[in-house]
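The values are calculated or read from the model by the stated rules, or taken from the named source; none is laboratory data. Just so it is clear, the structure is predicted and the values come from calculations on it, not from any experiment. Cβ placement follows ideal geometry from the backbone for every residue including glycine, while neighbour counts extend to all protein chains displayed. Keep in mind that these areas ignore ligands, DNA and RNA; they rest on the heavy atoms of the full protein, side chains included. Shrake-Rupley method; radii C 1.70, N 1.55, O 1.52, S 1.80 Å.
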Amino acid sequence: MPAKKLPAEHGPGDHGRHRVSREPGGPREPGGPRDRRVLRGHDPRGARPAEPSVVDRIKEYILLNRLAPGDPMPTEHELGEQLAVSRSRVREAMKTLSALDIVEVRHGHGTYVGRLGLTAMVESLAFRGMLDAQDDQDVMADLIDVRELIETSLAEVVVERTTPEVMAAMRQLTGTMHEKAARGEEFPAEDREFHLLLMQATGNALAVQLTGAFWDVHAIALGSLPGATDLAQTASGHVAVLDAIGAADSALLREAIVRHYAPIRERIGRRSPQGGATGE
């Protein structure tokens with residue numbers, strides 16, 4: 001199927017027209033399986049419809065053509081012709097989209113639809129924390145709240161869907177955690193992988209993405225917090241989570257998750273939204 005084209009930008013005297021992009025074969029009724037009309041922004045002051053930016057129109061191209069992560073994008077020249085804008089404007093738009101992980105520029109190979117990850121959010125949250133120590137603690141407290149809420153809310157699904165193979169992989173991770181703790185070594189890679197496996201068992205792709213992103217910010221912000229991590233306690237907290245899954249007890253799993261986050265809550269003085277006590 002040929003790529004669907006977007007309407008060019010309005011030219012002189014063209015303002016006020018509402019251009020619509022439709023599939024061949026006539027208009028598609030609104031509310032159908034996929035409404036192909038090109039959406040226009042609206043000026044809040046009630047003036048003529050606001051023109052979408054080149055960035056928005058390229059995103060629209062990806063959606064209209066149902067491109068998936070890894071699919072090739074048209075060249076700058078081809079997009080410039082379709083949108084009736086200069087290659088320099090397309091290039092600037094691609095830089096913005098690349099920073100958002102919506103497209104991926106592979107030098108020497110072309111441009112592709114990106115992984116659509118949460119890199120931009122991670123970097124923004126981490127930088128916010130770096131600007132101010134108190135802000136860092138606020139970021140960490142909010143992250144712990146969200147991580148705990150995600151994991152406890154999915155506890156029943158985790159218990160139902162975690163396979164023996166995943167359990168074995170998580171058990172191996174906790175074994176490595178204890179070994180490193182005994183040597184006084186931190187275990188960030190094992191910790192991150194444990195929580196990703198926990199969420200992967202649910203089949204919820206967004207929960208997996210958010211967990212990875214929040215863990216990355218957590219790791220960056222952790223160094224600015226008062227006190228030190230009790231490595232043995234942290235390793236044991238992961239074991240308790242795993243034991244609750246093995247017991248097929250979702251209530252016990254929720255309790256284990258809350259207890260797992262309790263030590264870091266004590267360091268930042270934040271009470272659990274689940275009602276668990278902290279250092280207050």
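Between Rg and the Kirkwood Rh of region 139-280, both from Cα atoms, what is the Rg to Rh ratio? Write down the numbers at each step before the final one.
Working: Rg = 14.0 Å, Rh = 15.1 Å.
Here the Rg-to-Rh quotient is 0.93.
For region 259-265, what does the Karplus curve 6.51 cos²θ - 1.76 cosθ + 1.60, with θ = phi - 60°, yield as ³J(HN,Hα) per residue in whole Hz, taken in order and with x for Gly and Pro?
Couplings: 5, 4, 8, 4, x, 6, 5 Hz.
Quick one: 3J(HN,Hα) in Hz for region 64-76, Karplus 6.51/-1.76/1.60 with θ = phi - 60°, rounded, Gly and Pro as x.
Here the 3J(HN,Hα) series is 4, 9, 6, 6, 10, x, x, 6, x, 9, x, 6, 4 Hz.
May I ask you to derive the relative contact order of region 153-280, considering only C-alpha pairs under 8 Å and at least 6 residues apart, and to give it as an integer percent? Can you show the working numbers first?
Numbers: 124 pairs, mean separation 33.7, N = 128.
Averaging sequence separation for qualifying contacts and normalising by length gives 26 percent for region 153-280.
Between residue 91 and residue 115, what FRET efficiency follows from the Cβ-Cβ distance if R0 is 22 Å, with the result rounded to 0.05?
Values: r = 21 Å, r/R0 = 0.95.
Result of the calculation: an efficiency of 0.55.
Which cross-chain or sequence-distant (5 or more) residues have an amide H under 5 Å from the amide H of residue 104, H modelled 1.01 Å from N in plane?
Under 5 Å from the amide H of residue 104 lie the amide H atoms of 112, 113, 114, each far enough along the sequence or on another chain.
Keeping all protein chains in place, calculate the accessible area per residue for region 48-110 (probe 1.4 angstrom), answer in Å². Intermediate results must be reported in sequence, preceding the final value.
Details: 3490 Å² over 63 residues.
Heavy-atom SASA per residue in region 48-110 reads 55 Å².
Residue by residue, what Karplus-based ³J(HN,Hα) values in Hz, rounded to whole numbers, does region 161-166 have, using 6.51, -1.76 and 1.60 with θ = phi - 60° and x for Gly and Pro?
Using θ = phi - 60°, the values come out as 10, 5, 7, x, 5, 5 Hz.
If each of residue 124 and residue 168 carries a label point 7 Å out from its Cα toward its Cβ, how far apart are those two points in nm?
With each label point 7 Å from Cα toward Cβ, the separation is 4.2 nm.
What ranking do 256-265, 96-105, 80-89, 225-234 get when scored by the average of other Cβ atoms within 10 Å per residue, highest first?
On the way: 256-265: 20.4, 96-105: 17.0, 80-89: 15.2, 225-234: 13.0.
Those peptides, ordered most packed to least, come out 256-265, 96-105, 80-89, 225-234.
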